[in-house]
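Data first, discussion second: the structure below is written as structure tokens.
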Amino acid sequence: MEDLLAQKNYSPIPAESLATNVGERCAQVRLWLEERGANLVAVSKLQPSEAIADAYALGQRHFGENYVQELVDKQAQLPADILWHFIGHLQTNKVKYIAPFVHLIHGVDSEKLLKEIDKQAAKLNRKINVLLQVHIADEETKSGWDAQELLAFVASGALTTYTNIEVKGLMGMATFTDYLQQVENEFASLKSLSQQLEPYLATTPNLSLKELSMGMSGDYPQALAQGATLIRLGTLIFGQRNR
Ligand SMILES: *Cc1c(COP(=O)(O)O)cnc(C)c1O
């Protein structure tokens, strides 16, 4: 086990190699992740639109936001080709505000929310991409499907009825702890669940398992080691958030 883990790349990006300018830093990190098989979602919540514009100017297109009103305001101000990811907890009554433009909703943690996204997408005559959020942490506060519950849901065929939804993969948040082996085990459990869902791809046309959204500023090396395809980084790119 130790040997296997030792082969993987755990080293974070050396802090001294990062540019001080936000746009350059974002481009550096994006390239670094791409070389390791993952795409960067630059988490811009509570950051000013100017910081997003700096990252955009140097090629960043995927941005993640947690709050509906803030996302709606920024979307109206910033370039139309930005791909907006909603990564926070989404209340069903707010889906309608982001449905017209959102690129990917990461935190879909219940069938009730799936149903509402499907309904709003149908009204707009579009398909909305989502990730199903799985509860992998050893903390009550993080939401998501229980793994067995999600397997049973997909096996039941219920997902196929939501024809305006495209499930692109899974999302998870690890426990907030310094014990990084636990964090990596939790990411491994998300990857394992994705593999267990593979048999249902053939019978579920709106299911793909291409994406694994896991890893933040404090744990992205562990997420990469377990095959993350989307890494959500805020602090590492933009610095501390203004509360
Ligand atoms: C805020 C947030 C992030 C980014 O966190 P950092 O530690 O600043 O990188 C990633 N994912 C989710 C779901 C978040 O809420």
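The values are calculated or read from the model by the stated rules, or taken from the named source; none is laboratory data. Predicted model, so just to flag it, every value in this text is computed and none were measured. Note that each Cβ is placed from the backbone with ideal geometry, even for glycine, and that neighbours are counted across all protein chains shown. Only protein heavy atoms, including side chains, enter the accessible area calculation; ligands, DNA and RNA are left aside. Shrake-Rupley method; radii C 1.70, N 1.55, O 1.52, S 1.80 Å.
Are there any pairs, at least 6 apart or on different chains, whose C-beta atoms fall under 9 Å, with the first in segment 90-102 and more than 19 Å from residue 76 (Cα to Cα) and the second assigned to a helix (DSSP H, G or I) and open to solvent by 80 Å² or more (accessible area, probe 1.4 Å), and if so, which?
Final answer for the pair search is 92/112; 92/115.
Report the residue count in segment 64-107 for those that are open to solvent by less than 50 Å² (accessible area, probe 1.4 Å), among the aliphatic types (A, V, I, L, M) and more than 16 Å from the ligand (Cβ to nearest atom).
Matching residues across segment 64-107 total 5.
In this structure, does residue 102 turn out to be β-branched (Val, Ile, Thr) and not in a helix (DSSP H, G or I)? Walk me through how you get there before you give the answer.
Details: β-branched (Val, Ile, Thr): yes; not in a helix (DSSP H, G or I): yes.
Taking the combined requirement at face value, the residue satisfies it.
I need the helices (runs of 4 or more DSSP H) fully contained in segment 125-243, keeping only those with at least 1 residues that are within 16 Å of the ligand (Cβ to nearest atom) and at pLDDT below 95.
So the answer is 180-197.
Checking the condition under 25 Å from residue 224 (Cα atoms) and over 18 Å from the mean Cα position of the chain (by Cα), which residue from 126, 30, 25, 36 passes?
Exactly one residue qualifies, and that residue is 25.
Can you tell me which condition residue 235 does not meet? The list is (1) surrounded by fewer than 18 Cβ atoms within 10 Å (Cβ to Cβ); (2) under 30 Å from residue 120 (Cβ atoms); (3) among the β-branched types (Val, Ile, Thr), and all the others hold.
Unmet for residue 235, out of (1) surrounded by fewer than 18 Cβ atoms within 10 Å (Cβ to Cβ); (2) under 30 Å from residue 120 (Cβ atoms); (3) among the β-branched types (Val, Ile, Thr): (2).
Among the residues of segment 17-73, what is the count of those that are more than 19 Å from residue 240 (Cβ to Cβ) and charged (D, E, K, R)?
The qualifying residues number 6.
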